[in-house]
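*Asks:* Handing you a structure now.
The values are calculated or read from the model by the stated rules, or taken from the named source; none is laboratory data. Computed from a predicted structure; not experimentally measured. Positions of Cβ are backbone-derived with ideal geometry, glycine not excepted, and every protein chain shown enters the neighbour counts.
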Amino acid sequence: MSDELIQLAQSHLQNIPLQVISQGAEAIVFTTKTHPYLPTSKDSHTEYIIKYRPPKKYRHPQLDATLTKHRTIAEARLLQRLTNIPEIQSPGLIALDARNGIIWMEKVGYELIDYDDKISSLKNWLWRYNDNQEKALTEEIKIALEKVGCMIGKAHVNDVIHGDLTSSNIIITEAQEACLIDFGLSYQSALPEDKGVDLYVLDRAILSTHPKYAEQYNEWLMAGYERGYGKDKKSLIKLKEVLKRYEEVRLRGRKRSMLG
Amino acid sequence: MVHLDLHLKEGKTSYVAIGLEGSANKLGVGIIRHFPGPFSTTNRAEVLSNIRDTYITPPGEGFLPRDTARHHRNWVVRLIKQSIIESGLKISEIDCICFTKGPGMGAPLQSVVIAARTLAQLWDLPLIGVNHCIGHIEMGREITGADNPVVLYVSGGNTQIIAYSEQRYRIFGETLDIAIGNCLDRFARTLKIPNEPSPGYNIEQLAKKGSKYIELPYTVKGMDMSMSGILAHIDNLAYDLFNNKKHNKTIFNDDGTPKVTVEDLCFSLQETLFAMLVEITERAMAHVGTQQVLIVGGVGCNERLQRMMETMVLDRRGFIFATDERFCIDNGIMIAHAGLLEYRMSGKGFDYSDTVCTQKFRTDEVLIKWRD
Amino acid sequence: MPSATYSSPSDTQTFQTSHLQKSQLTTQGKTSGPSEFVKVDRDQPSEPADNYYGDLRCKLTYLQDELNTLLTDKMQAEKKSKDMEEAEKKLLDGDDGDDDE
């Protein structure tokens, strides 16, 4: 990880103690105990997340500025919107500095004590058991994956497309509830095609990240997804349309002639 | 640790394979030698010959399968002869014949399979069918020494981001519509610039002279990307530019003079597409947790792409690996190399009924027996 | 002597090469030339060698031509009859414009 980028972040966040917890592809994620505008009590254990999108030197400055600003604003806007949809868990928005690519939000998830204290992303949560088939396919995991699927279904019902559904972008909370994070590629859309592609991205992410149990995991996720649509007739028609598109996108993927 | 030498023939001190590639417009023949034991800095595969002939189409045209297949049919014997001479080998020293099984264009693939089958009968040698993409990956790893990289495979027909796990090269991301090389080729056709030496190369040269960045759609979806919308968008800009559609304020000033040049369009197209490629590669690196990136495939020769990727990788304190046009562009040696790995694991060729080709053949379908 | 046989449930045809005269032997197939898009043809087949393999190449070229012609004719005939059928169907059933499903 580049110290230069951390210094850059610090220059935008003067006097805020920062602790790096991850460097994703797009952003560096810090924790801090300092709230941006509320007074911090000395004995408070509450931590906040600061997500910083550093400039990417590899891309054209104009493109970089547009993307950073656009994605930061889009993510903040979506986080704000999601707080009004109680059935979708996501970190609450605290503050935004769009020009510098900075978002403050609530911290979700916990450290997995049986997995090197890594954050409880779905990826780490599942990988703990990768070498133990019995543990990898328990009822506990089934229930959690159904909850994850259900929440994605709820997001789609609300026309929220996550855009980057991987097991790293889903958090399992201490109460074993699902929580969605990382909305940098998210957008609003009612199109079944967009929802189908969203599901396809997830399907492939599970397949490549958890190949041993992918089939079962995807089945559980999809069972939950269908549940997320509820039972009323209108939703079921919408669900059917999305599943049809999803199947089409999958076929397109597998049958792509590779010749363009 | 996988044992690569369970089938070494008595009295032999090395393995030799000839590889035939013709899945698109390039016909390649290569001969490779492996020595026993695992590969290392002191035990490298030896390239004995690696030659190629490209079917070139007139400007503004794509290559037709029929003419491409004809090119391959009528050159394959000459290329094989030249390759054998270059290698200095006797036919009796060759262990197996490897050919591209797919993916690719049907007719060109078929003409090369027939050549391989005929040779196998003439010389009485086993046949091995190779997945074209696996050929690129394995040759890239061998040439660069990258041991477990995220692989960006970018060519006329493919755009994939790949990483190894549990004996398969898994596809983490890919294009949801057209391939990057195809996108560049088609824009070259719109501009009616020559196809020689390759349309992508000519776009690259024009892009070097461009400087004004025009915003284009940017379509990354997770680790997947989409390019057909970008192509349609820039095709329209080029059309308006050529036809003096002065109402288009993106490319014309208020006084009617053009704001941008063809070079600027090429520059903007490359900047946008490559930024998307580098972004999904970085995502894959973060997701898989590796520090190595290997670029393979014809578009991998593009210097701008290599430089952008390098900038990203160095920021992550990682390592970038790329090959030059001898190995980047479709070639026979990579087919020989990957086929020989397969042969060393099984000690025999494919059943004759399996020595066919297929247009659709996904990278993750192949069981990688030669890696842990 | 090489020969080729085409067989389908409705038809069987065999093509021989024994009748070919030396002057008829060529590697330039009637059906394996370039498409009309090719302006400069640098991919001509080489001349046949004066030996067994050269002879074999020419005979295979001949057989391939015969087969290609046969298959093309068959495809065209099939297409024609299908077109007729469709035209008839359209005439009898009318065009209700419900082609989506």
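*Asks:* Please verify whether region A:212-228 includes one or more residues that are touching a Lys or Arg at 6+ places or on another chain (Cβ under 7 Å) and among the charged types (D, E, K, R).
*Replies:* No, that holds for no residue.
*Asks:* Given the options B:53, B:147, B:95, name the one that is farther than 24 Å from residue B:323 by Cα and among the acidic types (Asp, Glu).
*Replies:* Step by step, each of B:53, B:147, B:95 is checked, and only B:95 is farther than 24 Å from residue B:323 by Cα and among the acidic types (Asp, Glu).
*Asks:* Give the residue, chosen from A:154, A:147, A:135, that is more than 28 Å from residue A:234 (Cβ to Cβ) and basic (Lys, Arg).
*Replies:* A:135
*Asks:* Name the single residue that is nearest to residue B:234 (Cα to Cα) among those in region B:158-215 being under 19 Å from the mean Cα position of the chain (by Cα) and polar (S, T, N, Q).
*Replies:* Among them, the one singled out is B:182.
*Asks:* Restricting to region C:32-56, give me the number of residues that are over 30 Å from residue C:18 (Cα atoms), more than 22 Å from the chain's Cα centre (by Cα) and not charged (D, E, K, R).
*Replies:* Final tally of qualifying residues: 1.
*Asks:* Please verify whether region A:68-75 includes one or more residues that are under 28 Å from residue B:274 (Cβ atoms), among the basic types (Lys, Arg) and in a helix (DSSP H, G or I).
*Replies:* yes
*Asks:* Could you list all residues from region B:112-146 that are under 20 Å from residue B:306 (Cβ atoms) and either within 14 Å of chain A (Cβ to nearest Cβ) or out of contact with any Leu (no Cβ under 8 Å at 6 or more places or on another chain) (or both)?
*Replies:* Correct list: B:133, B:136, B:139, B:142, B:143, B:145.
*Asks:* I would also like to ask the following. Could you check region B:179-215 and list, in sequence order, the residues that are more than 8 Å from chain A (Cβ to nearest Cβ), in a helix (DSSP H, G or I), hydrophobic (A, V, I, L, M, F, W, C) and touching a residue at least 60 places away in the same chain (Cβ under 8 Å)?
*Replies:* B:180, B:184, B:187, B:191, B:203, B:206, B:207
*Asks:* Would you point out the residue of region C:40-73, among those that are of a type in the set (A, V, I, L, M) and within 12 Å of chain B (Cβ to nearest Cβ), that is farthest from residue B:57 (Cα to Cα)?
*Replies:* C:56
*Asks:* Which residue out of C:15, C:37 is within 14 Å of chain B (Cβ to nearest Cβ) and in contact with a helix residue (DSSP H, G or I) (Cβ under 8 Å, 6 or more places away or on another chain)?
*Replies:* When all the criteria are applied, what remains is C:37.
*Asks:* Among the residues that make up region B:40-56, is at least one of them surrounded by fewer than 21 Cβ atoms within 10 Å (Cβ to Cβ), within 14 Å of chain A (Cβ to nearest Cβ) and outside any loop (DSSP other than H, G, I, E, B)?
*Replies:* no
*Asks:* Identify, from the list C:44, C:13, C:64, the residue that is surrounded by 10 or more Cβ atoms within 10 Å (Cβ to Cβ), part of a loop (DSSP other than H, G, I, E, B) and at pLDDT 90 or above.
*Replies:* Criteria check complete, one pass: C:44.
*Asks:* Okay, next question. Is it the case that region B:254-268 has a residue that's within 18 Å of residue B:153 (Cα to Cα) and within 30 Å of the chain's Cα centre (by Cα)?
*Replies:* No - not one qualifying residue is present in region B:254-268.
*Asks:* Filter region A:175-232 down to residues that are of a type in the set (Ser, Thr, Tyr) and under 18 Å from the mean Cα position of the chain (by Cα) and give me whichever is farthest from residue B:223 (Cα to Cα).
*Replies:* The extreme case among them is A:225.
*Asks:* Also, I was wondering about something else. For region A:134-154, enumerate the residues that are free of Cβ contacts under 8 Å to residues at least 12 places away in the same chain and in a loop (DSSP other than H, G, I, E, B).
*Replies:* Residue satisfying the conditions is A:138 alone.
*Asks:* Still on this structure: Pick from region B:1-39 the residues that are in a strand (DSSP E or B) and within 14 Å of another protein chain (Cβ to nearest Cβ): which of them is nearest to residue B:95 (Cα to Cα)?
*Replies:* It comes out as B:27.
*Asks:* So, one more: Under the condition of being within 8 Å of chain A (Cβ to nearest Cβ) and in contact (Cβ under 8 Å) with a residue 24 or more places away in the chain, which residue from region B:312-332 is surrounded by the fewest Cβ atoms within 10 Å (Cβ to Cβ)?
*Replies:* B:317
*Asks:* For region A:194-210, give me the residue count where each residue is within 16 Å of residue A:145 (Cβ to Cβ), more than 9 Å from chain B (Cβ to nearest Cβ) and assigned to a helix (DSSP H, G or I).
*Replies:* Residues flagged as within 16 Å of residue A:145 (Cβ to Cβ), more than 9 Å from chain B (Cβ to nearest Cβ) and assigned to a helix (DSSP H, G or I) within region A:194-210 amount to 3.
*Asks:* Does residue A:87 count as charged (D, E, K, R), more than 14 Å from chain B (Cβ to nearest Cβ) and part of a loop (DSSP other than H, G, I, E, B)?
*Replies:* Spelling it out, residue A:87 is indeed charged (D, E, K, R), more than 14 Å from chain B (Cβ to nearest Cβ) and part of a loop (DSSP other than H, G, I, E, B).
*Asks:* Still on this structure: Taking the criterion of being out of contact with any strand residue (DSSP E or B) (no Cβ under 7 Å at 6 or more places or on another chain), under 23 Å from residue B:62 (Cα atoms) and within 10 Å of another protein chain (Cβ to nearest Cβ), would at least one residue in region B:159-169 satisfy it?
*Replies:* Looking for residues that are out of contact with any strand residue (DSSP E or B) (no Cβ under 7 Å at 6 or more places or on another chain), under 23 Å from residue B:62 (Cα atoms) and within 10 Å of another protein chain (Cβ to nearest Cβ), one finds none in region B:159-169, hence no.
*Asks:* Okay, next question. Would you check which residues across region A:90-116 are charged (D, E, K, R) and either within 14 Å of another protein chain (Cβ to nearest Cβ) or without any contact (Cβ under 8 Å) to a residue 40 or more places away in the chain (or both) and list them?
*Replies:* A:99, A:111, A:114, A:116
*Asks:* Mind listing just one residue for me: the one in region A:53-84 that is without any contact (Cβ under 8 Å) to a residue 60 or more places away in the chain and small (Gly, Ala, Ser) and, of those, farthest from the other protein chains (Cβ to nearest Cβ)?
*Replies:* Residue satisfying both the conditions and the ranking: A:76.
*Asks:* Moving on. Of the conditions (1) modelled with pLDDT of 90 or more; (2) more than 14 Å from chain B (Cβ to nearest Cβ); (3) under 30 Å from residue B:81 (Cα atoms), residue C:76 clears all except one; give me its number.
*Replies:* For residue C:76, the failing item is (3).
*Asks:* Residues of region B:227-282 being charged (D, E, K, R), more than 14 Å from chain A (Cβ to nearest Cβ) and either part of a helix (DSSP H, G or I) or touching a residue at least 12 places away in the same chain (Cβ under 8 Å) (or both), which ones?
*Replies:* Listed by number, the residues that qualify are B:235, B:240, B:259, B:263.
*Asks:* Tell me whether region A:124-133 contains one or more residues that are among the basic types (Lys, Arg) and assigned to a helix (DSSP H, G or I).
*Replies:* No, region A:124-133 contains no residue that is among the basic types (Lys, Arg) and assigned to a helix (DSSP H, G or I).
*Asks:* With the requirement that a residue be crowded, with 17+ Cβ neighbours inside 10 Å and of a type outside the set (D, E, K, R), what does region C:48-61 give you?
*Replies:* C:48, C:58, C:61
*Asks:* Based on what the data block shows, is residue B:338 surrounded by 24 or more Cβ atoms within 10 Å (Cβ to Cβ), among the aliphatic types (A, V, I, L, M) and not in a loop (DSSP other than H, G, I, E, B)?
*Replies:* When the stated conditions are applied, residue B:338 passes them.
*Asks:* Which is closer than 30 Å to residue B:213 by Cβ and surrounded by fewer than 14 Cβ atoms within 10 Å (Cβ to Cβ), of A:61, A:39, A:86?
*Replies:* Unique residue meeting the criteria: A:61.
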